[in-house]
1. Just checking, which of Leu184, Leu114, Leu103 is on the phi < 0 side of the Ramachandran plot and open to solvent by less than 20 Å² (accessible area, probe 1.4 Å)?
2. Quickly run through segment 387-406 and pick out the residues that are of a type outside the set (A, V, I, L, M, F, W, C), farther than 11 Å from Met233 by Cα and within 12 Å of the chain's Cα centre (by Cα).
3. Can you pull out every residue in segment 128-177 that is farther than 26 Å from Lys202 by Cα and among the hydrophobic types (A, V, I, L, M, F, W, C)?
4. So, Ile379, is that one part of a helix (DSSP H, G or I), among the hydrophobic types (A, V, I, L, M, F, W, C), buried (at least 20 other Cβ atoms within 10 Å of the Cβ) and touching a helix residue (DSSP H, G or I) at 6+ places or on another chain (Cβ under 7 Å) or not?
5. Please identify the pairs in which a residue from segment 30-59 that is modelled with pLDDT under 95 and open to solvent by 30 Å² or more (accessible area, probe 1.4 Å) has its Cβ atom under 6 Å from the Cβ atom of a residue that is outside any loop (DSSP other than H, G, I, E, B) and among the charged types (D, E, K, R), counting only partners at least 6 apart or on another chain.
6. Inside segment 233-252, can you point out the residues that are assigned to a helix (DSSP H, G or I) and open to solvent by 40 Å² or more (accessible area, probe 1.4 Å)?
7. Here are some residues: Asp266, Asp270. Which one is more than 30 Å from Gln324 (Cβ to Cβ), modelled with pLDDT of 80 or more and not in a helix (DSSP H, G or I)?
8. Which of the residues belonging to segment 144-168 are over 23 Å from the mean Cα position of the chain (by Cα) and not polar (S, T, N, Q)?
Amino acid sequence: MRNRIKEKICSLESREFKVDSIINFIILLTIMLMPYIVYKYTYSPYIDGKAFFLYGVGILLFILALLSKQDLFMIFTEKIIIIAFGVSLIFSTIFAINPGLALMGNKNRNEGLLMFLVYILLFIMAAKYINLTNKRIDILLLVSCLMAIYSIVEFYQIDPLQVYLIGSLSYDQAMSFLGNRNFLSSYIILFIGAATLLYIFKGKIKYLIVSSILFASLLCTLTRGGWVGFVVMLLFTAIIMFKNRELRKRFLAILLSFCMIFMILDFTTDNSISSRFSSMTSDAGRLLNGDTSDLGTSRSEIWKMVIKSIEMHPIMGGGLDSLQLRLMRDVPKDNEVLIAKNNQIIDKAHNEFLELWASGGFFAFFFYVILLVVIYKNIIRNIKKPKYKAMFICLTGYLVQSLFNISVIGVAPLYWIFLGAIVKSYRSRDDKNTNNIRV
């Protein structure tokens, strides 16, 4: 018995842990653990703990990148674009309204240059090292279900976590471990498309259950931008499934499940969900008539201010996480009116594209859009395969909701990992491509 134990210990000691396995583990741990991190004794209980974790991940990945010398200088199109994106953000930070704020981010968000460099590292490492097996995907979906289940409980005013962190039920919303219902909506969107399509393509009941739980959570967020993103995902899914009878049957089955969940949640909460839907349809009606006032809790007014500011200074950004300062500088009167109307400071554009242009500058915005174009081009090139259909639908759903939402550290790292995973998927088939060379 002792000899066997010694043999096992020796085998463990002699085993060489490869850098790629460690990096893959760190990335998967970030997806599973980071969104759940909260810390009571800090200014932002739902944010600061996640920020510390991500800074640690960034340092580890940077060290591991230096250790993997033969891969460090591997050049491919997406890597060049993301490095150009990072350089653009560095310049916008140097010339920011408040460089210190742009470097670290404001205390409510922590999404300054240093955090974006972590995102960039996560993207590059995921594009090279992430390894998503079927079993690992199932684990990630299970983890997302736990987040969703807690938010459903919150929807019925049971939230021991918030009481522990803040001392009372100060926020009457389903936000789980992310601190805001909009952030939770973005998180759910990243997973629900995958779960739905896995059920449609594979027909396994476990994916129907996961999809239903995630859908219930998405409803509980009462976040109309997230709902719009999900509807777009369903429309593309319906188009893809149209020609296949078996897939159509599964699509209809999951739609029936979603309808039942909608009715149960709405009935048990005094029609809170249908009322929210009514406000969304009324907004859509006013939009069609050209009336954009009060659209989406003053989002239209925020967009107009941000666009006006961009027109005044179209090239240089005000600095990451510094939109508040830019609006105070460029459109002070409009900004004051909107602050008085909403009784809160406008520190985000509520549109990730506008936010990036206003804060990071035109070139950061440009390289981000180019990166998405390159990724979409490669997805569409392989669109006949189910995996790429799923990628197209999930990415499109997230980007649609991002038109109404903001980037936050509880969700954004997962999004950048997702982009990297897409790149890894199609590049693993193209290793001999001339765009993928060593220097």
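1. Values: Leu114 fails: open to solvent by less than 20 Å² (accessible area, probe 1.4 Å); Leu103 fails: open to solvent by less than 20 Å² (accessible area, probe 1.4 Å).
Testing whether each residue is on the phi < 0 side of the Ramachandran plot and open to solvent by less than 20 Å² (accessible area, probe 1.4 Å) leaves just Leu184.
2. Of everything in segment 387-406, those that are of a type outside the set (A, V, I, L, M, F, W, C), farther than 11 Å from Met233 by Cα and within 12 Å of the chain's Cα centre (by Cα) turn out to be Ser402, Asn405.
3. Once the filter is applied, which keeps residues that are farther than 26 Å from Lys202 by Cα and among the hydrophobic types (A, V, I, L, M, F, W, C), segment 128-177 yields Ile152, Val153, Phe155, Ile158, Leu161, Val163, Leu165, Ile166, Leu169, Ala174, Met175, Phe177.
4. Spelling it out, Ile379 is indeed part of a helix (DSSP H, G or I), among the hydrophobic types (A, V, I, L, M, F, W, C), buried (at least 20 other Cβ atoms within 10 Å of the Cβ) and touching a helix residue (DSSP H, G or I) at 6+ places or on another chain (Cβ under 7 Å).
5. Cβ pairs passing all conditions: Tyr39/Asp48; Thr42/Asp48.
6. Hits for segment 233-252 are Leu235, Phe236, Ile239, Ile240, Arg245, Glu246, Arg248, Lys249, Arg250, Leu252.
7. Asp270
8. Just the residues of segment 144-168 that are over 23 Å from the mean Cα position of the chain (by Cα), to begin with: 156-160, 163-168.
Matches in segment 144-168: Tyr156, Ile158, Asp159, Pro160, Val163, Tyr164, Leu165, Ile166, Gly167.
The values are calculated or read from the model by the stated rules, or taken from the named source; none is laboratory data. Since the model is a prediction, treat every value here as computed from it, not as a measurement. Please note: Cβ atoms are built from the backbone with ideal geometry, for glycine as well, and neighbour counts cover all protein chains shown. For the accessible areas, the whole protein counts, side chains as well, though only heavy atoms, and no ligand, DNA or RNA atoms are used. Shrake-Rupley method; radii C 1.70, N 1.55, O 1.52, S 1.80 Å.
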